[in-house]
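Encoded as structure tokens, the structure appears first; notes follow it.
Just so you know, all these numbers are worked out from the coordinates, no wet-lab data involved. These numbers come from a predicted model, not from an experiment. Note that each Cβ is placed from the backbone with ideal geometry, even for glycine, and that neighbours are counted across all protein chains shown.
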Amino acid sequence: LLAVTAMVVAVLLIVTYRSPVLWLVPLTVIAIADRTAAVSAELVADLMGKSLDGSTAGITSVLVFGAGTNYALLMVSRYREELRQREDHRDALSAAVRGSAEAILASNVTVVLALLMLVFSVAPNSQSLGVSAAVGLLVALIFALFTLPAALSLCGRRIFWPFVPKFGETEKSRQGIWFRIANVVVKHP
């Protein structure tokens, strides 16, 4: 299950980023977050007197990969936009983190609170799943907001090769049909 999840995420990241190297950074960060989440969930479950089974661990891994990928897509997209507006890649990354952190945090907290409602379930497996998945998503949040930006800062602009965003460059996404549709939707929500 973990291998299939990682492969699906890798393919989606390659297609989305259009870069043969960029996808490795978020996928590596998410994989480390997943392993950290597994250990953390086990510790929390032990403290609560619960046990985790294989299906709980598998579902938690899929959730960590899914949420982590979502957070990475949001942050990297924002980073790409900021690189066109700022000359220094670290300034662009800082602005990207500030610009995406609120949405990432809101998304994460909403799902974590929903998962914690499983604690009130009468089924012990559902209770364990709620705790494990909530811990996993909190770990994914921490890795998305702290580890991913650190990894991206080490790479600079060149991580987007072959489509490296240049300072002052006009963003192509502001010219197409989807941009015009988005403008209409924003004007008439």
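Counting only complete DSSP H runs, which helices of the chain cover 30 Å or more along their long axis at the Cα atoms and score a mean Kyte-Doolittle of 0.5 or above?
Details: long enough: 24-47 (34 Å, 1.38); 54-85 (46 Å, 0.19); 89-116 (38 Å, 0.95).
Within the chain the helices that satisfy the rule are 24-47, 89-116.
Between Phe163 and Asn70, what is the label-to-label distance in nm when each label sits 7 Å out along the Cα-to-Cβ direction? Each label point lies 7 Å from its Cα, and together they span 2.3 nm.
When averaged across all projection directions, what area in nm² does the alpha-carbon convex hull of the chain cover?
12.2 nm²
Taking the Cα centre of the stretch 39-96 as reference, the dipole from Cβ charges on Lys and Arg (+1) and Asp and Glu (-1) amounts to some 180 debye. A simple spin-label model places the labels of Ala123 and Phe146 3.4 nm from each other, with each point 7 Å out along Cα-to-Cβ. Magnitude of the charge dipole for the chain, about its Cα centre and with charges confined to Cβ atoms of Lys, Arg (+1) and Asp, Glu (-1), is about 760 debye. Think of it as helices only: each DSSP H run of n ≥ 4 in the chain is worth -39500 (n - 2.57), and spread over all residues that comes to -25000 deg cm²/dmol at 222 nm.
Working from label points 7 Å from Cα in the Cα-to-Cβ sense, the Arg18 to Gln85 distance is 2.1 nm. Residue ranges 158-170, 52-64, 174-186, 102-114 sort as 52-64, 102-114, 158-170, 174-186 when ordered by packing (mean number of other C-beta atoms within 10 Å per residue, highest first).
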